[in-house]
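Take a look at the structure set out below.
The values are calculated or read from the model by the stated rules, or taken from the named source; none is laboratory data. Predicted model, so just to flag it, every value in this text is computed and none were measured. Ideal geometry is used to build each Cβ from the backbone, glycine not excepted, and the neighbour counts take in all protein chains shown.
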Amino acid sequence: MPDGTLVPVPPALATGLTGFAAGLALIVAIGAQNAFVLRQGLRREHVGAVVAVCLVADVLLIAAGTLGIGAVVERAPVMLDVLRWAGAAYLLWFAISSFRSAVRPGALQEAPARSRGSVALTAAALTFLNPHVYLDTVVMLGSLANTHGALRWAFAGGAMAASAVWFAGLGFGARALAGPLGRPTTWRALDVVVGLVMVVLAVVLVLP
């Protein structure tokens, strides 16, 4: 302003930015979902479908938490236990597949193309079979959203926007870099890293 007076930030916008920061802080940490998005981006295989599945999943989970379903999740330890063991088994299977690809130079590039449905199902499995996604997204983000009262949906909208920015940037950014990173050693290193991430996450899931 000419007189030096600061324009106040609308409460809804401030709350939305808070939600954006909170959502980004939770989603950026490396995990099975992010590793898969990165892998598919570098393969340039159905990137849009993978990004869409991850984004829709986050939107649904954040909305569920904002609606107060987080309390139900906290009271369902049996459901989380089932997801924990199923998720660990799936992650180990995925890790073995990644290590098998790593021992063959260029395997990631030369692997047979998968259907859009198959890739989308894998993205969904890596999302919904991870109990931490319910604790982080539904319980934590839902609880944070509800501390803002009438502005809780502004917070939720900010967190959803963070998911859109992150998954689109990760997936399509990786696709753009697939050419420069197209050396066999790079692909092998990627498969090893993805496999190790999956093993670590599987162990973390089953530990008490």
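Things worth noting here:
- Looking only at the stretch 108-126, residues that are among the polar types (S, T, N, Q) and at pLDDT 90 or above come to 2 in all.
- Pairing residues of the stretch 158-182 that are closer than 25 Å to Thr137 by Cα with residues that are hydrophobic (A, V, I, L, M, F, W, C) and outside any helix (DSSP H, G or I), at Cβ distances under 7 Å and at least 6 apart in sequence or on separate chains, gives Trp166/Val28.
- Residue within the stretch 100-107 that is more than 27 Å from Leu24 (Cβ to Cβ), modelled with pLDDT under 85, surrounded by 14 or more Cβ atoms within 10 Å (Cβ to Cβ) and among the hydroxyl-bearing types (Ser, Thr, Tyr) present: yes
- The stretch 127-162 - residue that is of a type in the set (Ser, Thr, Tyr) and assigned to a helix (DSSP H, G or I) and, of those, surrounded by the most Cβ atoms within 10 Å (Cβ to Cβ): Thr137
- Search result, residues across the stretch 74-89 that are of a type outside the set (Val, Ile, Thr) and assigned to a helix (DSSP H, G or I): Glu74, Pro77, Met79, Leu80, Asp81, Leu83, Arg84, Trp85, Ala86, Gly87, Ala88, Ala89
- Test: residue in the stretch 163-174 that is of a type in the set (A, V, I, L, M, F, W, C), surrounded by 14 or more Cβ atoms within 10 Å (Cβ to Cβ), modelled with pLDDT of 85 or more and outside any helix (DSSP H, G or I): no
- Applying a threshold of 8 Å to beta carbon distances and a minimum spacing of six or more residues, or different chains, the list of pairs starting in the stretch 61-80 at a residue that is of a type in the set (Lys, Arg) and ending at one that is exposed (fewer than 15 other Cβ atoms within 10 Å of the Cβ) is empty.
- A single entry from Val37, Val7 fulfils the requirement of being at pLDDT 90 or above and either among the β-branched types (Val, Ile, Thr) or under 27 Å from Ala88 (Cβ atoms) (or both): Val37.
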